[in-house]
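Okay, so here's the structure we're looking at.
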Amino acid sequence: MTRYCLFDLDGTLTDPETGIVGSMRYALSAIGFPEVKHEQLRAMIGPPLQDGFLRLGVPRERVDDAVRAYRERYTAAGMYENEVIAGIPAVLEALVAGGWTLAVATSKPAVYAEKILMHFGLDGFFAYVAGATLDGSRRHKADVIRHALDVLGAPPEATVMIGDRGEDVAGAAECRVRCVAVTWGFGQAAEFAAPGVIAVAGTPERLLDVLSQAAAAE
């Protein structure tokens with residue numbers, strides 16, 4: 001029976017756009033990189049930061065400098081320029097009451113994810129927070145999901161991944177975990193067209209319905 005649920009953080013549990021985009025701008029300015037449109041920076045939210053800077057055209061030898069500058073602003077203020085998605089706390093409360101074990105699986109470094117969840121009073125819902133490492137040795141979503149499964153002792157077939165980006169879908173598929181894509185984050189519909197996606201939810205209420213139905217059907 002499905003009883004484990006892994007949640008992405010950025011764009012799924014919270015809306016971090018203001019803090020992340022502001023920290024990206026700070027980082028790019030710090031390394032002397034030309035101005036980037038807001039839409040391009042917004043599209044970077046979700047995937048690993050190092051990969052996003054490379055896609056923007058930051059020279060590989062300057063990526064570490066950009067990441068350091070980003071973290072300078074993000075840890076000081078950016079991580080809290082953020083807000084919980086309306087309806088999410090009620091979903092988490094209902095799932096825990098229904099016997100689900102919840103965890104976070106994010107490409108954000110776990111040390112930041114833990115602080116954000118605590119700041120917004122969401123930490124009590126989660127049995128574990130799986131995230132990237134600061135050195136980047138674990139940063140892609142499949143690696144994070146595997147880590148979460150290992151720590152929880154969760155069978156892939158008893159687990160569902162909830163996320164808003166193609167990386168969530170692909171990472172879940174690589175780990176043989178089913179996925180529910182949500183549309184209130186930063187992804188596009190084309191990112192959700194994969195066999196492992198059992199549903200696309202447009203609201204937190206719909207997400208709860210989908211998970212309840214998935215559990216009832218087993």
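The values are calculated or read from the model by the stated rules, or taken from the named source; none is laboratory data. These numbers were taken from a predicted model, which means no experiment stands behind them. Cβ coordinates were reconstructed from backbone atoms using ideal geometry, including for glycine residues, and neighbour counts include every protein chain displayed. To get the accessible areas, we keep the full protein, side chains included, count just its heavy atoms, and leave off ligands, DNA and RNA. Shrake-Rupley method; radii C 1.70, N 1.55, O 1.52, S 1.80 Å.
Assorted remarks:
- In segment 58-78, the residues that are on the phi < 0 side of the Ramachandran plot never reach a residue that is of a type in the set (D, E, K, R) with C-beta atoms less than 7 angstrom apart, at least six apart or across chains.
- Contacts under 9 angstrom Cβ, first residue in segment 103-122 being at positive phi, partner open to solvent by 20 Å² or more (accessible area, probe 1.4 Å), 6 or more apart: 121/84; 121/89
- Residue tally, condition closer than 26 Å to residue 145 by Cα and either touching an Asp or Glu at 6+ places or on another chain (Cβ under 7 Å) or of a type in the set (Val, Ile, Thr) (or both), over segment 1-57: 15
- Residue 180 of a type in the set (Val, Ile, Thr) and either over 15 Å from residue 130 (Cα atoms) or part of a helix (DSSP H, G or I) (or both): yes
- Test: residue in segment 191-206 that is assigned to a helix (DSSP H, G or I) and either of a type in the set (S, T, N, Q) or in contact (Cβ under 8 Å) with a residue 40 or more places away in the chain (or both): yes
- Where residue 151 falls short, out of the listed (1) of a type in the set (Val, Ile, Thr); (2) in contact with a Gly (Cβ under 7 Å, 6 or more places away or on another chain); (3) without any contact (Cβ under 8 Å) to a residue 60 or more places away in the chain: (2)
- Qualifying residue in segment 149-165 (condition: within 18 Å of residue 85 (Cα to Cα), modelled with pLDDT of 95 or more, β-branched (Val, Ile, Thr) and part of a loop (DSSP other than H, G, I, E, B)): no
- Scanning segment 102-124 for residues being more than 16 Å from residue 8 (Cα to Cα) and open to solvent by less than 10 Å² (accessible area, probe 1.4 Å) gives a total of 0.
- In the set (1) surrounded by fewer than 19 Cβ atoms within 10 Å (Cβ to Cβ); (2) under 11 Å from the mean Cα position of the chain (by Cα); (3) among the aromatic types (Phe, Trp, Tyr), the condition left unmet by residue 186 is number (1).
Here is a yes/no grid of residues against (1) open to solvent by 30 Å² or more (accessible area, probe 1.4 Å); (2) out of contact with any Lys or Arg (no Cβ under 6 Å at 6 or more places or on another chain); (3) modelled with pLDDT of 95 or more:
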position	(1), (2), (3)
29	yes, yes, yes
32	yes, yes, yes
37	yes, yes, yes
45	no, yes, no
60	yes, yes, yes
71	yes, yes, yes
83	yes, yes, yes
100	no, no, yes
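- Check on residue 127, open to solvent by less than 10 Å² (accessible area, probe 1.4 Å) and farther than 18 Å from residue 205 by Cα: no
- Residue that is nearest to the chain's Cα centre (by Cα), among those in segment 130-151 that are under 20 Å from residue 71 (Cα atoms) and surrounded by fewer than 20 Cβ atoms within 10 Å (Cβ to Cβ): 140
- So residue 174, is it more than 22 Å from residue 75 (Cβ to Cβ), under 13 Å from the mean Cα position of the chain (by Cα) and either open to solvent by 10 Å² or more (accessible area, probe 1.4 Å) or free of Cβ contacts under 8 Å to residues at least 12 places away in the same chain (or both): no
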